[in-house]
Amino acid sequence: MAVTAGAAKRGGANPEGRMRLIEHLRELRRRFVISFAAIAVLGIGGFFVSDFVLELLSAPLTTLQEQGRLVELNITYVTQAFDIKMRIGLLVGLIASSPVWLYHLLAFLLPGLHKGERRYVWGFLLAAVPLFLGGCTMGWFLLPRIIQLFVGFAPDSLTSFLSAQEYFDFSFKLVVAIGLGFVVPVVFVFLNLAGAITGAAILKGWRWAVLGIALFAACVTPAGELLSMFLIAGPIIVLYFGAAGIAVLNDRRRAKRLAADSSVGAA
């Protein structure tokens with residue numbers, strides 16, 4: 001049933017957590033604006049530190065040059081340098097503001113959760129944000145190895161002219177993709193706590209999960225660089241089984257609570 005005007009003023013939802021469509025859309029717009037503002041503000045800061053980020057990302061090529069490799073980054077059109085700095089600013093803002101937009105993404109789902117389940121959003125954030133940043137950090141440290149491997153395929157007699165935009169796009173996609181991969185197991189825990197999936201179902205699909213994780217690791221480490229692939233897939237697999245274990249324990253605790261409630265009701 002739709003909310004009354006008084007209920008809408010108090011919180012936009014009735015005690016059952018239902019909202020009118022227009023209230024739902026307004027809530028979505030409000031959270032989107034807040035998230036976009038956080039990304040924009042931190043993205044402006046990222047633009048001003050882009051030269052420092054560019055220097056860090058160029059370090060693998062500097063190492064190759066010191067080893068005698070002929071490799072250079074090139075700006076291939078007039079506005080490319082500005083475009084790269086804008087991309088760096090946006091991605092720095094996206095990563096730095098992840099606690100804000102992750103919170104509002106999940107908080108938007110609150111009308112679909114019971115009041116007691118809303119605390120799970122905070123637990124998800126406390127786990128997801130460090131894991132996302134940890135995955136980005138791992139990608140950052142693997143990046144030099146992968147770049148040096150790929151550039152190393154070129155014969156010593158040739159000069160590798162790399163497009164600066166393609167180079168930095170590849171670098172950031174690798175870093176962010178690994179960060180997102182680290183968050184996926186936490187999503188399973190969140191869905192379990194919300195009652196959408198059981199721990200047994202998560203464990204039952206472990207073969208497909210391991211295969212999917214291996215394929216994901218292979219996709220973000222092109223050319224089949226095995227060590228980097230294992231370094232990416234290994235922690236995600238461990239996190240997956242950790243998530244399954246937490247979900248199984250939660251299911252058992254939930255079953256005991258329901259059994260206790262039913263016995264009290266029968267008495």
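The values are calculated or read from the model by the stated rules, or taken from the named source; none is laboratory data. Model, not experiment: these values are computed from the prediction. Cβ: placed from backbone, ideal geometry, glycine included. Neighbour counts: every protein chain shown. Remember, those area values only see protein heavy atoms, side chains included, never the ligands or the DNA or RNA. Shrake-Rupley method; radii C 1.70, N 1.55, O 1.52, S 1.80 Å.
Of everything in segment 46-62, what is part of a helix (DSSP H, G or I) and over 21 Å from the mean Cα position of the chain (by Cα)? Give them in sequence order.
Let us first name the residues in segment 46-62 that are part of a helix (DSSP H, G or I), namely 46-48, 50-57, 59-62.
Selection gives Phe47, Phe48, Ser50, Asp51, Phe52, Leu54, Glu55, Leu56, Ala59, Pro60, Leu61, Thr62.
Which condition does Ala244 not pass, out of (1) crowded, with 21+ Cβ neighbours inside 10 Å; (2) farther than 30 Å from Ala255 by Cα, if it passes all the others?
Tallying (1) crowded, with 21+ Cβ neighbours inside 10 Å; (2) farther than 30 Å from Ala255 by Cα, Ala244 fails exactly one: (2).
Yes or no: Ile95 modelled with pLDDT of 85 or more, crowded, with 16+ Cβ neighbours inside 10 Å and hydrophobic (A, V, I, L, M, F, W, C)?
no
Out of all the residues in segment 64-80, which are loosely packed, with under 14 Cβ neighbours inside 10 Å and either part of a helix (DSSP H, G or I) or polar (S, T, N, Q) (or both)?
Result: Gln65, Glu66, Gln67, Asn74, Thr76, Thr79.
Would you check if there is a residue in segment 163-179 being open to solvent by less than 50 Å² (accessible area, probe 1.4 Å), among the hydroxyl-bearing types (Ser, Thr, Tyr) and in contact with a helix residue (DSSP H, G or I) (Cβ under 6 Å, 6 or more places away or on another chain)?
Yes: segment 163-179 contains one or more residues that are open to solvent by less than 50 Å² (accessible area, probe 1.4 Å), among the hydroxyl-bearing types (Ser, Thr, Tyr) and in contact with a helix residue (DSSP H, G or I) (Cβ under 6 Å, 6 or more places away or on another chain).
Rundown of residues vs (1) at pLDDT 80 or above; (2) in a helix (DSSP H, G or I); (3) not small (Gly, Ala, Ser), yes/no style:
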site: Trp208; (1), (2), (3): yes, yes, yes
site: Gly242; (1), (2), (3): yes, yes, no
site: Arg254; (1), (2), (3): yes, yes, yes
site: Gly265; (1), (2), (3): no, yes, no
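Take the residues in segment 132-148 that are open to solvent by 40 Å² or more (accessible area, probe 1.4 Å) and either modelled with pLDDT of 80 or more or closer than 23 Å to Ile237 by Cβ (or both), then tell me which one is nearest to the chain's Cα centre (by Cα).
Leu133
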